[in-house]
Amino acid sequence: MTPPAGRHFLQIPGPTNVPDRVLRAISGPTIDHRGPDFSKLTLEVLDGLKQVFKTQSDVLVFPASGTGAWEAALVNTLSPGDRILMFETGQFATLWCAMARKLDIEVDFIPGDWRHGVDPAQIEARLAEDSGHEIKAVAVVHNETSTGVASRISDVRRAIDDANHPALLIVDTISSLGSIDYRHDEWGVDVTVGGSQKGLMLPPGLGFNAVSERARAAASEARLPRSYWDWEGMLETNPQGFFPYTPSTNLLYGLREALQMLREEGLDAVFARHDRFAGATRAAVGEWGLELLAQDEREYSSSLTAIITPEGHDADYLRKVILERFDMSLGTGLGKVKGWTFRIGHLGDLNDLTLIGTLAGVEMGLDIAGIPRSGSGVAAAMKFLSAG
Ligand SMILES: *Cc1c(COP(=O)(O)O)cnc(C)c1O
C-alpha cells in the first residue's frame, strides 16, 4: 500500500490526537530529574492538575498507563479480603473488577446491560443493607469508554450519603478528565483515577490518582502489598518537586503544555465543545438511521459515541474499510459488544472540521461496506454545527 498523504485520522476514544504544541514540548532535552529545573516543572504541573481534577487535595502522577493508576487506587486504600461494590457498566468496569479480584478484594459486581450507567438507586440499596459497614469502597467508572455512557457521579455520591454509609468513593475518569465536567472535591470523591492519553491530549504513559484526606487516612490502615504504587513516597517527595523514582520527564513537559492549552481555552469551554461534538455526532447517527448503544439521554457521553451496526453487518469490517480507504481509525467494539458496535472518539484536540471529516469518513465507509442508511448524517451534523 502506498503511504497516504495528509494526516492519519485517529478517532478512537484514546489515545487521542496529540496537538503539535504538545509534541514539540515533549521533544525537549531530557533533564536531571533531581535538579532545580525539574523541581519547578513538577510543582507547576501538580498545581495545574488540581485545577483539572477540581481539587485542593494532592494529585499523584505515576509513570504508567491508566491500568496502573487503577491498581494504585485499590492497593493504597484496601486490605486483603475487603469487600467493595462495583457496577458492570461495560468492558472497563469489568476489567477493573477482574483486577480487584486478582488483588484478593471481594467484589460485589452489580450486573448491568452495557447500555446504561451506574444506577445510584441500586448502590444505595446495597449500602443500606450493609448495616455492619463491611463494604469499604464503591468503585465506579465515570465515562465507560466501551459503551459511550457517562454515569452521574454526583448522584452516586448522593446515594452513598443517603444510605449513611462510610464507604470510600473511587472513580475512574480516564476517558472523561479534560473533556466532561468532573469535580473531585465537590462530589466528595476519595480517589479519582486518570490517564494521560485521552482528554489530556498526551501520549499514553502517565496515570493519576487524586487523593482525599479520607483516602490518605485509609492508606495508613490498608494492608494490600504495595511498593511501586505506594502513595507515601510520592506524598513525601512531591512537595519539593521530586518523585521517589524516575518519572516520565518528557511526558511531564507535554503535560505542562496540555494543561496550558486547557487553561487558555477554559475548562467550561472545553466541556461545551465536547458536548457540541457529541450532539452533532448523535444528529448524524439519527439521520443515518442507526442506533446508539447508550439508551438514556441523561447518560450520553460527550467524549465518544458508540454505534450499533444493523443485524448482519460486521462493525469491524466497516472499520477495516474506513481504515484502508480513508486512513482513519475508529474504536472497535470491546467485550460483550464486539462485532456489532463501533466507536467514534470525539475528544481531545479536534475542531468542527475534524469532526465533519470524521463523520464523512464514516458515511462513505457505510456506503462502501453496504450498510444501509436513511439520510446524510454529515449534512445533519453540518446543520447542527452551523446552528451554534
Ligand atoms: C482507557 C481506559 C482505561 C485503561 O487505561 P490504559 O491506559 O489502557 O491502562 C481504563 N478505564 C477507562 C474508562 C478507559 O477509558
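The values are calculated or read from the model by the stated rules, or taken from the named source; none is laboratory data. Computed from a predicted model, the values in this text were never measured in an experiment. Glycine gets a Cβ as well: all are built from the backbone with ideal geometry, and neighbour counts include every protein chain shown.
Take the conditions in contact with a helix residue (DSSP H, G or I) (Cβ under 9 Å, 6 or more places away or on another chain) and either crowded, with 23+ Cβ neighbours inside 10 Å or in contact (Cβ under 8 Å) with a residue 60 or more places away in the chain (or both) and apply them to Gly117. Does it pass? In short, yes.
With the condition kept exactly as written, say whether any residue in region 126-144 is under 30 Å from Leu235 (Cα atoms), modelled with pLDDT of 95 or more, in contact with a Gly (Cβ under 8 Å, 6 or more places away or on another chain) and surrounded by 24 or more Cβ atoms within 10 Å (Cβ to Cβ). Yes, region 126-144 has at least one match. Has region 135-143 got at least one residue that is away from the ligand (no atom under 13 Å from the Cβ) and of a type outside the set (Val, Ile, Thr)? Scanning region 135-143, I find at least one residue that is away from the ligand (no atom under 13 Å from the Cβ) and of a type outside the set (Val, Ile, Thr), so the answer is yes. Of all the numbered requirements in (1) touching a Leu at 6+ places or on another chain (Cβ under 6 Å); (2) crowded, with 21+ Cβ neighbours inside 10 Å; (3) under 26 Å from Pro63 (Cα atoms), Leu224 misses one, and that requirement is (2). If you check His165 against the conditions, is it at pLDDT 95 or above and away from the ligand (no atom under 16 Å from the Cβ)? For His165, the condition - at pLDDT 95 or above and away from the ligand (no atom under 16 Å from the Cβ) - is met. All of Gly35, Gly81, Gly148 fail the test of being small (Gly, Ala, Ser) and within 16 Å of the ligand (Cβ to nearest atom), apart from Gly148. Being surrounded by fewer than 19 Cβ atoms within 10 Å (Cβ to Cβ) and modelled with pLDDT under 95 holds for only one residue in Pro4, Pro29, and it is Pro4. Only one of the listed residues (Thr89, Thr67) is within 12 Å of the ligand (Cβ to nearest atom), crowded, with 20+ Cβ neighbours inside 10 Å and not in a strand (DSSP E or B). That residue is Thr89. Counting only strands (runs of 3 or more DSSP E) wholly contained in region 100-209, the ones carrying 3 or more residues that are among the aliphatic types (A, V, I, L, M) and farther than 29 Å from Ala272 by Cβ occupy 135-141. The residue that is farthest from Gly199 (Cα to Cα), among those in region 231-259 that are touching a helix residue (DSSP H, G or I) at 6+ places or on another chain (Cβ under 9 Å) and of a type in the set (D, E, K, R), is Glu232.
Table: residues versus (1) within 16 Å of the ligand (Cβ to nearest atom); (2) in contact with a Gly (Cβ under 9 Å, 6 or more places away or on another chain); (3) over 28 Å from Leu78 (Cβ atoms).
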{"residue": "Val211", "(1), (2), (3)": "no, no, no"}
{"residue": "Ala218", "(1), (2), (3)": "no, no, no"}
{"residue": "Glu221", "(1), (2), (3)": "no, no, no"}
{"residue": "Trp229", "(1), (2), (3)": "yes, yes, no"}
{"residue": "Phe242", "(1), (2), (3)": "no, no, no"}
{"residue": "Ser248", "(1), (2), (3)": "yes, yes, no"}
{"residue": "Tyr253", "(1), (2), (3)": "no, yes, yes"}
{"residue": "Arg256", "(1), (2), (3)": "no, yes, yes"}
{"residue": "Glu265", "(1), (2), (3)": "no, no, yes"}
